[in-house]
Amino acid sequence: MILRKYGYSGSEIGVVKVLASCRVDRAILVAISLVLLQASLRAQAASAAEGQQASATPAAASPASSATATVKPHDDRFVIGNDDVLAIDVWNEKEITRSIPVRSDGKISLPLVGEIQAAGRTPQQLEGDITERLRNYITAPQVTVMVEEIHSQNFNILGQVAKPGSYSLTVASTVMDAIAAAGGFRDFAKQKGIYILRQTSGGGETRYNFNYKEFIKGKNPGQNIKLESHDTIVVP
């Protein structure tokens, strides 16, 4: 039927049939048919628009995806030492997650884990050690170890500088950095006679000379050595 082809519902077609059987004037019948057709088209357009809006709305993130932990990359060269402060995070385990300093014996203590060696291990290695201990109590533990504060890798600078003392290697990595961190020279500093003392594995010391006057003139740049933990810089 032609009316059904243009989207009329059964009730609307019935109305048209009744009007036709009552011999309503042809012009009135055509006008009523057009009104019904416009109403049907509007309804179809509104339905299509609602469908497009629903499909465009992004789906909410599932709890599993929002709970995924972000693991920061590690520097495998860094070795944890005594007095360093570690941030231990065990996902979904608030009783174990905490900030904790490494004791003077090189160990830390955690619930369920007990005492465990931290000094001499990299953060990634310590993660593996803690994870292995927790497998006895937690299914698939997710452990992250980050170094919050470094206190084990320090150097000393003594003598004729503005602020002699002990500094972290994170503040200064070379002799020139160390002099700057210590506030520069005092008036009578012997800038040509600076030296660095470094402990050797055999218990002795190695001495490295540093001539500031030469260095600032571009001579012997290799004397601005990279500092190591427990180095002592002496400015006479």
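Anything in the range 147-156 that is under 17 Å from Asp89 (Cβ atoms) and either surrounded by 19 or more Cβ atoms within 10 Å (Cβ to Cβ) or at pLDDT 95 or above (or both)? List them, or say none.
Within the range 147-156, just Val147 meets the criteria.
Candidates are the residues of the range 182-206 that are farther than 12 Å from Gln160 by Cβ and touching a Lys or Arg at 6+ places or on another chain (Cβ under 9 Å); the one that is surrounded by the most Cβ atoms within 10 Å (Cβ to Cβ) is Ile196. Scanning the range 103-133 for residues that are closer than 11 Å to Val145 by Cβ and touching a Gly at 6+ places or on another chain (Cβ under 7 Å) gives a single hit, Ala118.
Checking each residue in the range 157-181 for being surrounded by fewer than 16 Cβ atoms within 10 Å (Cβ to Cβ) and not in a helix (DSSP H, G or I) picks out Leu158, Ala162, Lys163, Gly165, Ser166, Ser168, Thr170, Val171, Ser173, Thr174. The set of residues in the range 131-156 that are among the β-branched types (Val, Ile, Thr) and assigned to a helix (DSSP H, G or I) contains only Thr131. On the basis of being buried (at least 16 other Cβ atoms within 10 Å of the Cβ), outside the structural domain of His230 (by TED's automatic domain parsing) and not charged (D, E, K, R), does Ala119 make the cut? Against the criterion (buried (at least 16 other Cβ atoms within 10 Å of the Cβ), outside the structural domain of His230 (by TED's automatic domain parsing) and not charged (D, E, K, R)), Ala119 qualifies.
Checking Lys226, Lys192 one by one, the residue that is basic (Lys, Arg) and within 32 Å of the chain's Cα centre (by Cα) is Lys226 and no other. So Gln142 clears everything in (1) assigned by TED's automatic domain parsing to the domain that holds Gly81; (2) of a type outside the set (D, E, K, R); (3) touching a residue at least 60 places away in the same chain (Cβ under 8 Å); (4) in contact with a Pro (Cβ under 9 Å, 6 or more places away or on another chain) except one condition, right? Which one? Condition (4) is where Gln142 drops out. Within the range 207-224, being of a type in the set (A, V, I, L, M, F, W, C) and loosely packed, with under 14 Cβ neighbours inside 10 Å holds for one residue alone: Ile216.
Of the residues screened, Glu93 is not one that is more than 30 Å from Val235 (Cα to Cα), assigned to a strand (DSSP E or B) and touching a residue at least 40 places away in the same chain (Cβ under 8 Å).
The values are calculated or read from the model by the stated rules, or taken from the named source; none is laboratory data. Note that the structure is predicted; figures quoted are calculated from it, not measured. For neighbour counting, all protein chains shown are included, and Cβ atoms are generated from backbone atoms with ideal geometry for every residue, glycine included.
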